[in-house]
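Q: Quick one: structure below, then a few questions.
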Amino acid sequence: MDALERVVKPKTKRAKRFLEKREPKLTENTKNAMLIKGGNANSTVTEVLKDIYALKKPFAVMYKKKNITRPFEDQTSLEFFSKKSDCSLFLFGSHNKKRPNNLIVGRMFDYHVLDMIELGIENFVSLKDIKNNKCPEGTKPMLIFAGDTFDLNEEYRRLKSLLIDFFRGPTVPNIRLAGLEHVLHFTAIDGKIYMRSYKVLLKKSGCKIPRIELEDIGPSLDLVMRRTHLASDDLYKLSLKQPKALKPKKKKNISHDVFGTTYGRIHMQKQDLSKLQTRKMKGLKKRPAEKSVEDGGISPKKTKSV
């Protein structure tokens, strides 16, 4: 039996806390990513991995040693590193004559490879090459996807989902305007994917809403899709399954429209509208003659009090 698959009983409180962090939870932890260099990674691929690691910190693990592996042929080493470092996302960089400047981005489900997409680097501008002020470490980026290909093509649709998983960062309950300072822009056009990174500058506009400018801070990547390894529809559907405790309970007789307006249905007994009390107005008040006709007789004369 593999050493990582054995049932381990903690002997210390620290080991117990470590194992509790890895237990299944209703609300998942922030997904960590591991960045791995292949056995023949060149300087361009190494710089790309370093820049992506700078964007992902502190939710990333960088392996500095080269690892001779081919993810599309043998995935056991990736699954081993995933279990060892508790990472559900990975970025593997390699370089050879057949596939130069190669990146493989993927994600795991239950420590097994779920999706994996191979991208080729055609152009790269590093963080160091752009001399601007950078965003602080751990800044949650805003993700923008441009291009109809991300919605029409199944492979690009999975790539979009994969990139959202990779760069989304922690889930936050509130948003502060000053904290929205990093933008990652992905454009798909003519069979290429352009990745750009910008810093949001809030300028004075003379009113409450500031004027927004974008400043390029790097890295910039021009990518082309090569090979893909996508999960089957059944496995992909299983990976999206949520526990019953997280699913909102359905409330009877309550519905919502496309604009978010809530509508409620009330069940009542049949109402007799003839006895409905309306607003008392002099114009609607019945005359004594009308009342006597309704009663079927002559109304008695009122006696004057002496």
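Q: If Asn29 passes every condition in (1) within 30 Å of Ala245 (Cα to Cα); (2) touching a residue at least 24 places away in the same chain (Cβ under 8 Å); (3) among the polar types (S, T, N, Q) but one, which one does it miss?
A: Going through the list (1) within 30 Å of Ala245 (Cα to Cα); (2) touching a residue at least 24 places away in the same chain (Cβ under 8 Å); (3) among the polar types (S, T, N, Q), Asn29 breaks only (2).
Q: Let me ask something additional. Would you say Val113 is among the β-branched types (Val, Ile, Thr), under 20 Å from Val183 (Cβ atoms) and open to solvent by 10 Å² or more (accessible area, probe 1.4 Å)?
A: Details: among the β-branched types (Val, Ile, Thr): yes; under 20 Å from Val183 (Cβ atoms): no; open to solvent by 10 Å² or more (accessible area, probe 1.4 Å): yes.
No: the conditions fail for Val113.
Q: Mind counting the residues in segment 106-129 that are basic (Lys, Arg) and in a loop (DSSP other than H, G, I, E, B)?
A: Kept after step one, since they are basic (Lys, Arg), are these residues of segment 106-129: 107, 128.
After this cut, where a residue has to be in a loop (DSSP other than H, G, I, E, B) as well, the list is 128.
Qualifying residue count for the region: 1.
Q: Among the candidates Pro141, Pro136, which residue alone is loosely packed, with under 15 Cβ neighbours inside 10 Å and either of a type outside the set (Ser, Thr, Tyr) or under 15 Å from the mean Cα position of the chain (by Cα) (or both)? Reasoning before the result, please.
A: On the way: Pro141 fails: loosely packed, with under 15 Cβ neighbours inside 10 Å.
After ruling out the rest, the residue left standing is Pro136.
Q: Take segment 166-192 and flag every residue that is β-branched (Val, Ile, Thr), modelled with pLDDT of 90 or more and either touching a Ser or Thr at 6+ places or on another chain (Cβ under 8 Å) or under 20 Å from Ala60 (Cβ atoms) (or both). Steps first, please.
A: Applying the first criterion (β-branched (Val, Ile, Thr)) to segment 166-192 yields 171-172, 175, 183, 187, 189.
Subset that is modelled with pLDDT of 90 or more: 183, 187, 189.
Listed by number, the residues that qualify are Val183, Ile189.
Q: Tally the residues that are among the aliphatic types (A, V, I, L, M) and free of Cβ contacts under 8 Å to residues at least 12 places away in the same chain, restricting the search to segment 110-169.
A: Counting residues in segment 110-169 that are among the aliphatic types (A, V, I, L, M) and free of Cβ contacts under 8 Å to residues at least 12 places away in the same chain gives 1.
Q: Is there any pair with a first residue in segment 72-98 that is within 16 Å of Thr228 (Cβ to Cβ) and a second that is acidic (Asp, Glu) whose Cβ atoms are under 8 Å apart and which are 6 or more apart or on different chains, and what are they?
A: Final answer for the pair search is Phe72/Glu118.
Q: Can you pull out the helices (runs of 4 or more DSSP H) entirely within segment 3-100 that have at least 1 residues that are modelled with pLDDT of 90 or more, aliphatic (A, V, I, L, M) and closer than 27 Å to Ile164 by Cβ?
A: Numbers: elements: 13-21, 43-56, 76-85.
Filter on segment 3-100 gives 43-56.
Q: Okay, next question. Can you tell which of Leu221, Leu202, Leu163, Leu159 is more than 27 Å from Met34 (Cα to Cα) and of a type in the set (A, V, I, L, M, F, W, C)?
A: Working: Leu221 fails: more than 27 Å from Met34 (Cα to Cα); Leu163 fails: more than 27 Å from Met34 (Cα to Cα); Leu159 fails: more than 27 Å from Met34 (Cα to Cα).
Answer to the selection: Leu202.
Q: Now for a different question. Conditions: (1) open to solvent by less than 30 Å² (accessible area, probe 1.4 Å); (2) modelled with pLDDT under 90. Leu163 meets all but one. Number of the miss?
A: Failing condition for Leu163: (2).
Q: Scan segment 120-131 residue by residue and report those that are more than 27 Å from Arg99 (Cα to Cα) and either modelled with pLDDT of 90 or more or surrounded by fewer than 12 Cβ atoms within 10 Å (Cβ to Cβ) (or both). Walk me through it before giving the result.
A: Residues of segment 120-131 that are more than 27 Å from Arg99 (Cα to Cα), as a first pass: 130-131.
Once the filter is applied, which keeps residues that are more than 27 Å from Arg99 (Cα to Cα) and either modelled with pLDDT of 90 or more or surrounded by fewer than 12 Cβ atoms within 10 Å (Cβ to Cβ) (or both), segment 120-131 yields only Lys131.
Q: Name the residues in segment 144-160 that are surrounded by 12 or more Cβ atoms within 10 Å (Cβ to Cβ) and among the hydrophobic types (A, V, I, L, M, F, W, C), would you?
A: Ile144, Phe145, Ala146, Phe150, Leu159
Q: Please work out which one of (1) without any contact (Cβ under 8 Å) to a residue 60 or more places away in the chain; (2) open to solvent by less than 40 Å² (accessible area, probe 1.4 Å); (3) closer than 30 Å to Leu240 by Cβ; (4) polar (S, T, N, Q) is the condition Asn102 fails and give its number.
A: Tallying (1) without any contact (Cβ under 8 Å) to a residue 60 or more places away in the chain; (2) open to solvent by less than 40 Å² (accessible area, probe 1.4 Å); (3) closer than 30 Å to Leu240 by Cβ; (4) polar (S, T, N, Q), Asn102 fails exactly one: (1).
Q: Mind listing whichever residues of segment 70-99 are surrounded by fewer than 19 Cβ atoms within 10 Å (Cβ to Cβ) and closer than 19 Å to Leu119 by Cα?
A: If the condition is that a residue be surrounded by fewer than 19 Cβ atoms within 10 Å (Cβ to Cβ) and closer than 19 Å to Leu119 by Cα, then Arg70, Phe72, Glu73, Asp74, Gln75, Asn96, Lys97, Lys98, Arg99 are the ones that fit.
The values are calculated or read from the model by the stated rules, or taken from the named source; none is laboratory data. What you are looking at is a predicted structure, and each value in this text was computed from that prediction instead of being measured. Every residue, glycine among them, receives a Cβ derived from its backbone with ideal geometry; neighbour counts consider all protein chains shown. When the accessible area is computed, the model is the full protein with side chains, heavy atoms only, and any ligands, DNA or RNA have been set aside. Shrake-Rupley method; radii C 1.70, N 1.55, O 1.52, S 1.80 Å.
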